[in-house]
Amino acid sequence: QWLQDPGPRSEKRTLFCDMVCFLFITPLAAISGWLCLRGAQDHLQFNSRLEAIGLIALTIALFTIYVLWTLVSFRYHCQLYSEWRRTNQKVRLMIPASRSPHPVPHSLLSAKLMKKAADETSV
């Protein structure tokens, strides 16, 4: 229902773009990190410690940025959904079918409570 809501289209477009970016960036980050670590391993075998440290630092930076972007994006969309849920509540009152063939008259107290509930407006 949230995605079908005719509300602000920019929120849905942002969600779609973030999902596409996530699907594209996740394998890209994984492959890049793996290549960087393989390169660092090769540089360590050839006694190029500075290049190996640089590749390891690049891998850490890459995954840190990826995780931060993912968390910020996820939190943003969760907040949008929570706000939508808070402002778009649909409540259905399910009244069970009466089992007796004759309706039972309400007491005076329940009639007053029903009138009070009818006078209230929903927000």
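The values are calculated or read from the model by the stated rules, or taken from the named source; none is laboratory data. Computed from a predicted structure; not experimentally measured. Positions of Cβ are backbone-derived with ideal geometry, glycine not excepted, and every protein chain shown enters the neighbour counts. What goes into the accessible areas is simple: the full protein's heavy atoms, side chains included, and nothing from ligands, DNA or RNA. Shrake-Rupley method; radii C 1.70, N 1.55, O 1.52, S 1.80 Å.
What to note about this one:
- Sparse packing (at most 14 other Cβ atoms within 10 Å of the Cβ) combined with a DSSP loop state is found for the following trypsin sites (Lys or Arg not before Pro) in the range 32-101: K90, R92, R99.
- Over the range 8-88, accessible surface divided per residue gives 78 Å², non-protein components excluded, 1.4 Å probe.
- A simple spin-label model places the labels of D42 and E83 4.8 nm from each other, with each point 7 Å out along Cα-to-Cβ.
- M94 versus I25: modelled label distance in nm, points set 7 Å from Cα along the beta carbon direction: 4.2 nm
- Largest accessible area first, the residues Y66, Y76 order themselves as Y76, Y66 under a 1.4 Å probe with ligands, DNA and RNA left out.
- Exposure of M94 as accessible area (Å², to 10), given a probe of 1.4 Å and all protein chains: 150 Å²
- Accessible-area composition of the range 8-88, carbon plus sulfur, in percent [1.4 Å probe]: 71 percent
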